[in-house]
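Novice: Below: one structure in structure tokens.
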Amino acid sequence: MAHIPLYIDFSGLNVLVIGGGKVGYRRAKTFLDEGANVTIVASYFSEEINDIKNNSKVKLINLEIRNSKDIEKLIDENDLIVIATNNYEINNEIYELAKQKRKLINNATEASKGNVIVPFRKKIYDYLEVAVTSLGYTGIAARRSLEKIEKCLINDIEIKTLYDSMKELKKYLKENISDSKIRYNLYFEVEKDEIYEKYVKEGNIKKALERAKEIANQYIKG
């Protein structure tokens, strides 16, 4: 398997979840929370699905799938196909059909029979988020790795100061420099500055931002 890690805005996109158990529910809620339109098709629905079934973006279809052709139209209508049933043969049929149609496929039961992995992810603060995957080999290890990364970063004042100061610097540069190439180079110019780095390591957001703007102003005024 060869994967590229991407963050995709799913708002307004259509997601088909095949399987109404706990795994299907978790996948459905993940994409629903990010604004997707979610259709869940299954012969039964777990109690957890009661939590989301009244959402206007959710559609439940009670159907016993005997072969992939039963849901071919649904596959055509959706952008991402999530496979989450406990029937290996049906899962494999659905995968092959969706693959022929060049669909994005997340197979929650066998990662190798899909082209999309849903990672474990955690927001550290604001818009800094970390995602970890084992590419389907062991979710237990991936989840524990994420827990360790979170513990490491959540208390790291250097990363927090770097994040906050660079976020504000980016706003400042966009307001004052129209050339994106200059802005891009300036981020690295600021990052390698010893005085700026000193304030970042000390956790001094005010001084770090002042120094960052001081460097930027040499280009703005120069």
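The values are calculated or read from the model by the stated rules, or taken from the named source; none is laboratory data. Small disclaimer: the values here were computed from a predicted structure and weren't measured. So basically every Cβ, Gly included, is an ideal-geometry build from the backbone, and we count neighbours across all protein chains shown. Ligands, DNA and RNA are excluded from the accessible area calculation, which covers all protein heavy atoms including side chains. Shrake-Rupley method; radii C 1.70, N 1.55, O 1.52, S 1.80 Å.
Novice: So, of the residues in the range 141-199 that are outside any helix (DSSP H, G or I) and either within 23 Å of Asp126 (Cα to Cα) or not charged (D, E, K, R) (or both), which turns out to be least open to solvent (accessible area, probe 1.4 Å)?
Specialist: This residue is Ile177.
Novice: May I ask you to list pairs of residues, at least six apart or on different chains, whose Cβ atoms are under 6 Å apart, with the first in the range 29-42 being closer than 15 Å to Tyr7 by Cα and the second being surrounded by 21 or more Cβ atoms within 10 Å (Cβ to Cβ)?
Specialist: What qualifies is Phe31/Val15; Phe31/Val38; Ala36/Val15.
Novice: Another question about this same structure. Of the residues that make up the range 13-25, is at least one out of contact with any strand residue (DSSP E or B) (no Cβ under 7 Å at 6 or more places or on another chain), outside any strand (DSSP E or B), open to solvent by 40 Å² or more (accessible area, probe 1.4 Å) and among the hydroxyl-bearing types (Ser, Thr, Tyr)?
Specialist: no
Novice: Could you check the range 43-71 and list, in sequence order, the residues that are under 20 Å from Glu96 (Cβ atoms) and either crowded, with 21+ Cβ neighbours inside 10 Å or in contact (Cβ under 8 Å) with a residue 40 or more places away in the chain (or both)?
Specialist: Listed by number, the residues that qualify are Ile65, Ile71.
Novice: Only one residue in Thr85, Thr133, Thr109 is in contact (Cβ under 8 Å) with a residue 12 or more places away in the chain, among the polar types (S, T, N, Q) and under 30 Å from Ile157 (Cβ atoms). Which one?
Specialist: Thr133
Novice: If you don't mind, another one. As an exercise: evaluate Leu6 against (1) closer than 26 Å to Tyr137 by Cα; (2) crowded, with 17+ Cβ neighbours inside 10 Å and give the number of the one condition it does not meet.
Specialist: (2)
Novice: So, in the range 106-126, of the ones that are within 15 Å of the chain's Cα centre (by Cα) and of a type in the set (Val, Ile, Thr), which residue ends up least open to solvent (accessible area, probe 1.4 Å)?
Specialist: This residue is Ile124.
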